[in-house]
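Below is one structure, written out as structure tokens; the observations come after it.
The values are calculated or read from the model by the stated rules, or taken from the named source; none is laboratory data. No experiment lies behind these values; they were computed from the predicted model shown. Note that each Cβ is placed from the backbone with ideal geometry, even for glycine, and that neighbours are counted across all protein chains shown. Quick note on the areas: whole protein, heavy atoms, side chains included, nothing else; ligands and nucleic acids left out. Shrake-Rupley method; radii C 1.70, N 1.55, O 1.52, S 1.80 Å.
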Amino acid sequence: MNIKERIEQEAIKAAQKLYGIEENTSVPVQKTRKEFEGDYTLVVFPFTKAARKKPEQIAEEIGHELQESIAEVEAYNVVKGFLNLKLTTDFWVNEIALLQSGGKQRLEKVAAPDKIMVEFSSPNTNKPLHLGHVRNNLLGYSIANILAARGHEVVKANLINDRGIHICKSMLAWQKSGKGETPENSGTKGDKLVAKYYVDFEREYQEEIKQLVAQGMEKDQAKREAPLLKEAQEMLRKWEAGDPEVLSLWKTMNGWVYEGHNKTYESLGVSFDQFYYESNTYLLGKDLINEGLEKGVFYKREDGSVWCDLTADGLDEKLVLRSDGTSVYMTQDIGTAELKYQDYHINRSIYVVGDEQEYHFKVLKLIMQKLQRPYANGIYHLSYGMIDLPTGRMKTREGTVVDADDMIFEMRDVARKQTELLGKTESLSEQELQALYTNLGLGALKYFLLKVDPKKRMVFNPEESIDFQGNTGPFIQYNFTRIKSVERKLGHHLASIAVEQIPDTLSAQERELCMMLYSLNEVLAEAENNYSPAVIANYCYELAKTFSSFYADSPVIREEDAAKRNFRLALIHQIEQTLSFSASLLGITLPEYM
RNA sequence: GGCCCCGUGGCGCAACUGAAUAGCGCAUCAGAUUUCGGCUCUGAGGGUUACAGGUUUGAAUCCUGUCGGGGUCACCA
């Protein structure tokens, strides 16, 4: 039990004794605000009804009790209904000493770990990844890290949408005008090459529509009847019929895309444990549709289409199988959900998918519940907002999409320019420099995308780009390098420092830092509960910022008081460890120099 | 139109899920470095938390309504 929980428990005990409050009364224990004296604050208002006394008096009485019952409470003061508790210096210093000596594990694992699958990325195979995918990838990767840090067993999955009309369009255009072009002979990244043909298709297709309209056809009809579209649909039929030539081309072109996507994943630093392909899973859902029909969860209409009536649940009727017997998106997802369970026996399944699909996942969960799947209640849609440009949404057709590779390249470039401007890295080799630019550029990008609450929409302005100063990834990285620099100056590892003497006093900043280090597990729990890496990002920043402020006016190596010096060395080592661990949850690497 | 999400200083974000005078960064202004790394630190100005009611000892947070922005309601994925 941590100190906060003990304070809460003892406070309730005291209030029971003094005022006879009910056992399940909850009292908020929070960090004491800067302007007051203390470490933790108990809000006593919830006791006023039972006590029938003034809040000040209650706080005074509880404070007295707590000082008796908790040895670590050194002093207290009362401001209105707020009881501010100050813990002993010994307590904080010992906490650091324990971490430092390895007498206490940094991470508290959950008592009952879950088996969790986190599905993210899930790209189409007809185009490269863009900034929206980057947010998706970082969110998924980070939440998987956070859950694993909590002690859960996590499988990272990528469900690839590799079949359908979209890829046929690229294939058709390549067949018609590709002249055997490949990533190798053209020097073009595979995903970009396939996208080029997709764009070609769309251009020609639009041209055909225009001509048909010019000949007097209605636009909607022209869209349906354009010869190119017909050809693409014919190709899809051949694909479904297993036509060897079509399948071969499909495999080849998808292969190009995978190669391209993998490069992007690699440069982003994300990875997966399991890949699923819709071409493998799209038929699977049909068995469950039949099961649902037998159980009466679904019903069949005269035309043969299968539906699920969700009107009783406040939703509408949802198609789960087309009249021609082919599967829709929902059929696939039902099948994939089952497959995931068969493969891993997961009890929680997280889908990192944009918020435009909230309805879809609401329905999916409901259907799985109706099918009485054991994992149904564990389905969670980690929904996140779109990234907009100052001009509005990113649109493929208008060419306003921010490409992921370009973005990463540009971030690296800004990092390089910044670094060269500051000229503090002369000692680094060319290879180290390249690695550094990558770290800094990606650090800035990842922090920028992850610091915002996932559910919020965000605007990315390419003109203003991404800051490297203030509340940013590089700020965190910079403060880490300062600690590393102290270590080099010291001449031996900070890890070897043992805290043996208790300093007389701690500064406000030192206390603050101790509390922050102490609250890591609480922060992780909050990040898990809210499915929000932003909580971690915030924590990293606050920790780095508080360190920076501490470092500005507290000497470390130069400190003459031996007890203080030693404690500070241990403290910054713990900050360094915690910072690098927390940043790693966001996929951010902290460099030794910059 | 039905349902869902969002609205916090000029801009970008916080606020531990109901508590103290709503925090931080950018930008603006004023300071700090021959000292462990200035991509830094200290300070100033800037807010009726979209608006109007309500619940509560206490509301940015909960409820109702209004306004504004977005999403979604396909035999697309």
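Quick one: would you say residue A:224 is open to solvent by 60 Å² or more (accessible area, probe 1.4 Å) and more than 25 Å from residue A:400 (Cβ to Cβ)? Yes: the conditions hold for residue A:224.
If I filter the stretch A:317-356 down to residues being more than 21 Å from residue A:279 (Cα to Cα) and open to solvent by 10 Å² or more (accessible area, probe 1.4 Å), which single residue comes out as farthest from RNA strand B (Cβ to nearest atom)? Here the residue is A:345. Restricting attention to the stretch A:134-149, does a residue exist that is touching an Asp or Glu at 6+ places or on another chain (Cβ under 6 Å) and small (Gly, Ala, Ser)? Among the residues of the stretch A:134-149, not one is touching an Asp or Glu at 6+ places or on another chain (Cβ under 6 Å) and small (Gly, Ala, Ser), which makes the answer no.
For residues that are of a type in the set (D, E, K, R), modelled with pLDDT of 95 or more and more than 18 Å from residue A:100 (Cα to Cα), scanning just the stretch A:535-594, find the one that is farthest from the chain's Cα centre (by Cα). Of everything passing the filter in the stretch A:535-594, A:545 is farthest from the chain's Cα centre (by Cα). Residues to consider are A:242, A:269, A:285; find the one that is out of contact with any Cys (no Cβ under 9 Å at 6 or more places or on another chain), farther than 19 Å from residue A:198 by Cβ, loosely packed, with under 13 Cβ neighbours inside 10 Å and of a type outside the set (Ser, Thr, Tyr). So the residue among A:242, A:269, A:285 that is out of contact with any Cys (no Cβ under 9 Å at 6 or more places or on another chain), farther than 19 Å from residue A:198 by Cβ, loosely packed, with under 13 Cβ neighbours inside 10 Å and of a type outside the set (Ser, Thr, Tyr) is A:242. Restricting the stretch A:157-195 to residues that are crowded, with 18+ Cβ neighbours inside 10 Å and without any contact (Cβ under 8 Å) to a residue 40 or more places away in the chain, the residue that is nearest to residue A:118 (Cα to Cα) is A:173.
Does residue A:454 fit the bill of being open to solvent by less than 10 Å² (accessible area, probe 1.4 Å), in contact with a strand residue (DSSP E or B) (Cβ under 8 Å, 6 or more places away or on another chain) and of a type outside the set (A, V, I, L, M, F, W, C)? Against the criterion (open to solvent by less than 10 Å² (accessible area, probe 1.4 Å), in contact with a strand residue (DSSP E or B) (Cβ under 8 Å, 6 or more places away or on another chain) and of a type outside the set (A, V, I, L, M, F, W, C)), residue A:454 qualifies.
Among the residues of the stretch A:377-426, those identified as within 10 Å of RNA strand B (Cβ to nearest atom) and of a type in the set (S, T, N, Q) are A:383, A:418, A:419, A:425. Give the residues of the stretch A:332-358 that are more than 23 Å from residue A:153 (Cα to Cα) and not in a helix (DSSP H, G or I), sorted by residue number. Passing the criteria: only A:354. Annotation note: of A:461, A:471, A:479, the sole residue that is surrounded by fewer than 16 Cβ atoms within 10 Å (Cβ to Cβ) and not in a strand (DSSP E or B) is A:461. On the given criteria, is residue A:211 among the polar types (S, T, N, Q) and open to solvent by 80 Å² or more (accessible area, probe 1.4 Å)? Yes: the conditions hold for residue A:211. Examine the stretch A:359-379 for a residue that is part of a helix (DSSP H, G or I), of a type in the set (Phe, Trp, Tyr), open to solvent by 20 Å² or more (accessible area, probe 1.4 Å) and in the same structural domain as residue A:281 (by TED's automatic domain parsing), and state whether such a residue exists. Yes, the conditions are met somewhere in the stretch A:359-379.
The residue of the stretch A:31-51 that is farthest from the chain's Cα centre (by Cα), among those that are near RNA strand B (Cβ under 6 Å from one of its atoms) and without any contact (Cβ under 8 Å) to a residue 12 or more places away in the chain, is A:35.
Restricting A:522, A:512, A:559, A:542 to residues that are open to solvent by 40 Å² or more (accessible area, probe 1.4 Å), touching a Lys or Arg at 6+ places or on another chain (Cβ under 8 Å) and charged (D, E, K, R) narrows the list to A:522.
Taking the numbered list (1) of a type in the set (Gly, Ala, Ser); (2) away from RNA strand B (no atom under 14 Å from the Cβ); (3) buried (at least 23 other Cβ atoms within 10 Å of the Cβ) in turn, residue A:587 passes all entries but (3).
The residue pairs whose first member lies in the stretch A:514-536 and is closer than 11 Å to residue A:578 by Cβ and within 10 Å of RNA strand B (Cβ to nearest atom), whose second member is open to solvent by 10 Å² or more (accessible area, probe 1.4 Å) and in a helix (DSSP H, G or I), and whose beta carbons are closer than 8 Å, counting only pairs six or more residues apart or on different chains, are A:523/A:535; A:523/A:539.
Of all residues in the stretch A:381-434, those satisfying the criterion of being surrounded by fewer than 17 Cβ atoms within 10 Å (Cβ to Cβ) and farther than 30 Å from residue A:190 by Cα are A:420, A:421, A:422, A:423, A:424, A:425, A:426, A:427, A:429.
Checking the structure you have, find out if any residue of the stretch A:401-411 is assigned to a loop (DSSP other than H, G, I, E, B), among the β-branched types (Val, Ile, Thr) and closer than 26 Å to residue A:443 by Cβ. Yes: the stretch A:401-411 contains one or more residues that are assigned to a loop (DSSP other than H, G, I, E, B), among the β-branched types (Val, Ile, Thr) and closer than 26 Å to residue A:443 by Cβ. Among helices (runs of 4 or more DSSP H) entirely within the stretch A:1-70, having at least 2 residues that are in contact with a Gly (Cβ under 9 Å, 6 or more places away or on another chain) and buried (at least 18 other Cβ atoms within 10 Å of the Cβ) singles out A:55-69. Residues of the stretch A:136-156 that are more than 16 Å from RNA strand B (Cβ to nearest atom), part of a helix (DSSP H, G or I) and either open to solvent by less than 40 Å² (accessible area, probe 1.4 Å) or touching a residue at least 24 places away in the same chain (Cβ under 8 Å) (or both): A:137, A:140, A:141, A:144, A:145, A:147, A:149.
Taken together, A:118, A:93 contain a single residue that is more than 9 Å from RNA strand B (Cβ to nearest atom) and closer than 30 Å to residue A:495 by Cα, which is A:93. Counting just the residues of the stretch A:482-509 that are among the charged types (D, E, K, R) and near RNA strand B (Cβ under 8 Å from one of its atoms), which one comes out most open to solvent (accessible area, probe 1.4 Å)? By that ranking, first place goes to A:489.
Residues of the stretch A:545-556 that are near RNA strand B (Cβ under 8 Å from one of its atoms), open to solvent by less than 40 Å² (accessible area, probe 1.4 Å) and in contact (Cβ under 8 Å) with a residue 60 or more places away in the chain: A:548, A:556. Restricting the stretch A:428-458 to residues that are over 18 Å from the mean Cα position of the chain (by Cα) and hydrophobic (A, V, I, L, M, F, W, C) leaves a set whose member that is nearest to RNA strand B (Cβ to nearest atom) is A:440.
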